[in-house]
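The values are calculated or read from the model by the stated rules, or taken from the named source; none is laboratory data. Since the model is a prediction, treat every value here as computed from it, not as a measurement. All Cβ positions, glycine included, derive from the backbone under ideal geometry; neighbour counts span all protein chains shown. Please note that ligands, DNA and RNA were not included when accessible areas were found on the heavy atoms of the full protein model with its side chains. Shrake-Rupley method; radii C 1.70, N 1.55, O 1.52, S 1.80 Å.
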Amino acid sequence: MSVRRDPDGRWRFRARVCLPDGTRTRISGSAPSYSNTKAAAQEAEREAIFVALHPPPPKPPEAPKKEVPTYEEWFKGRFWSEWVIGERNKPSERRSKEIIFRVHLQPELGHLKLDEVNAEVVQKLRANLVGKGLGDKRINNVMVVLSKSLRYAYDCELIDRVPKCRVKKVERSEIEAWTFEEYTRVLVGAKAEGPFWYAAACLAGEAGLRIGEVRALRWREDVDMIAKTVTVNTQMGNGRDDMNGGNDAVKQYTTTPKGRTRRTIPMTDTLYRALKALDVVREGYVVRNLNGTAMSDAQTSHETYRICRKAGLPERGWHVLRHTFGTHAARFGVNPWQLMEWMGHKRIDETMGYVHMVERKPRPIPSELVAAGMTETDPTNRVLAQLSARAGQKLAKNEVAEQAVAG
């Protein structure tokens with residue numbers, strides 16, 4: 001019999017089973033310890049025979065594990081080509097990512113495998129950035145780039161999880177703008193530098209254009225002297241062609257405006273007169289070199305310091321003129337949604353920064369500016385009239401500003 005009781009009292013079974021392929025195999029076993037009976041041994045035998053006749057399907061061969069690259073290989077390779085280039089990052093964004101990788105991420109993480117970049121490594125990176133004296137905003141920028149690169153690696157199933165790359169809430173910096181009198185002096189200083197620079201200052205201070213947008217502005221495509229409008233379609237910025245260890249030369253690019261938002265701004269009378277006074281054929285760039293080529297970033301950034309020195313003011317960049325436009329328009333009571341459109345903001349909270357600053361720091365509006373808007377019934381036209389009147393103020397323009405320019 002296949003089931004028998006051993007001298008020690010244990011019920012066991014042993015049998016030969018013919019398999020479906022014609023081969024034979026031997027099975028053996030015993031009754032379970034909790035039920036040492038003949039019936040239990042027979043039941044165990046039947047189960048063993050069933051298993052022998054119905055073996056489980058063979059496990060499929062495990063797929064070979066994907067080779068995990070180092071963070072440097074990943075960032076400079078697939079992430080750069082498939083994400084940065086594939087998502088059409090603007091040249092300025094590419095340059096920013098390249099600098100953050102080369103200066104902060106490559107030295108700390110470049111040699112590590114992607115799956116070795118865990119929460120502990122990320123926190124050590126943050127601590128090192130703090131130790132270098134970087135501000136929270138700069139650290140946030142580094143963490144955002146790191147997070148995007150690791151998240152795409154997760155989407156590509158190269159890593160099982162993405163460590164948290166926390167960003168801290170940073171209070172928006174105070175908006176820096178010229179006062180009414182200082183703005184008048186800046187325009188006088190710009191006029192002394194030449195008509196092109198006066199037009200550039202008016203485009204920034206009378207229409208709120210960024211300096212890259214000023215450099216890219218074209219007569220035929222962007223300026224309508226009949227409708228008295230300026231349309232911002234493009235801007236100029238600096239960037240690199242691709243990721244090559246930071247060795248590629250920085251080049252000047254024409255690309256979409258910040259936020260990829262095209263906008264149209266009405267001209268003030270001051271801006272209209274400044275553009276009309278330019279002694280050029282209405283073709284090509286509005287603000288340009290003598291040979292018609294676009295001005296470089298170095299040319300314009302250095303020029304604003306000369307203008308400030310001529311005006312007897314601290315040296316400030318072109319963006320202060322843009323802030324001045326937004327601040328003064330808010331002080332004149334412009335509709336925030338209208339100002340948002342003029343400034344090309346993507347979110348209303350960016351525009352409300354100008355409104356809140358005006359509320360926190362109220363200033364008297366000169367009587368001649370108030371009078372300039374009295375004849376206008378339309379709120380938008382009233383604001384434009386007041387903005388334009390800043391260039392003709394009787395504050396100290398004829399005396400203080402011209403003395404500063406002469407000095």
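Here residue 194 fulfils each of the conditions (1) at pLDDT below 95; (2) buried (at least 24 other Cβ atoms within 10 Å of the Cβ) apart from (2).
In the range 160-190, of all residues being assigned to a helix (DSSP H, G or I) and under 20 Å from residue 357 (Cα atoms), the one that is least open to solvent (accessible area, probe 1.4 Å) corresponds to 183.
Restricting attention to the range 96-140, the residues that are loosely packed, with under 15 Cβ neighbours inside 10 Å, in a helix (DSSP H, G or I) and polar (S, T, N, Q) add up to 2.
Looking only at residues of the range 220-234 that are crowded, with 18+ Cβ neighbours inside 10 Å and in contact (Cβ under 8 Å) with a residue 60 or more places away in the chain, we find that the one that is nearest to residue 305 (Cα to Cα) is 232.
Tallying residues that are over 19 Å from residue 215 (Cα atoms) and in a loop (DSSP other than H, G, I, E, B) within the range 295-325 yields 5. Scanning the range 359-386 for residues that are basic (Lys, Arg) and touching a residue at least 40 places away in the same chain (Cβ under 8 Å) yields 363, 382.
Residues that are more than 30 Å from residue 256 (Cα to Cα) and either surrounded by 12 or more Cβ atoms within 10 Å (Cβ to Cβ) or touching a strand residue (DSSP E or B) at 6+ places or on another chain (Cβ under 6 Å) (or both) do occur in the range 60-68. If you take the residues in the range 248-295 that are among the small types (Gly, Ala, Ser) and modelled with pLDDT under 85, which one is nearest to residue 338 (Cα to Cα)? The residue in question is 259. Would the range 329-348 turn up any residue that is of a type in the set (D, E, K, R) and closer than 17 Å to residue 181 by Cα? Looking for residues that are of a type in the set (D, E, K, R) and closer than 17 Å to residue 181 by Cα, one finds at least one in the range 329-348, hence yes. For residue 148, indicate whether it is assigned to a loop (DSSP other than H, G, I, E, B) and either closer than 23 Å to residue 353 by Cβ or under 21 Å from the mean Cα position of the chain (by Cα) (or both). For residue 148, the condition - assigned to a loop (DSSP other than H, G, I, E, B) and either closer than 23 Å to residue 353 by Cβ or under 21 Å from the mean Cα position of the chain (by Cα) (or both) - is not met.
Within the range 278-311, the residues that satisfy the criterion of being open to solvent by less than 70 Å² (accessible area, probe 1.4 Å), hydrophobic (A, V, I, L, M, F, W, C) and under 20 Å from residue 229 (Cα atoms) are 278, 280, 286, 287.
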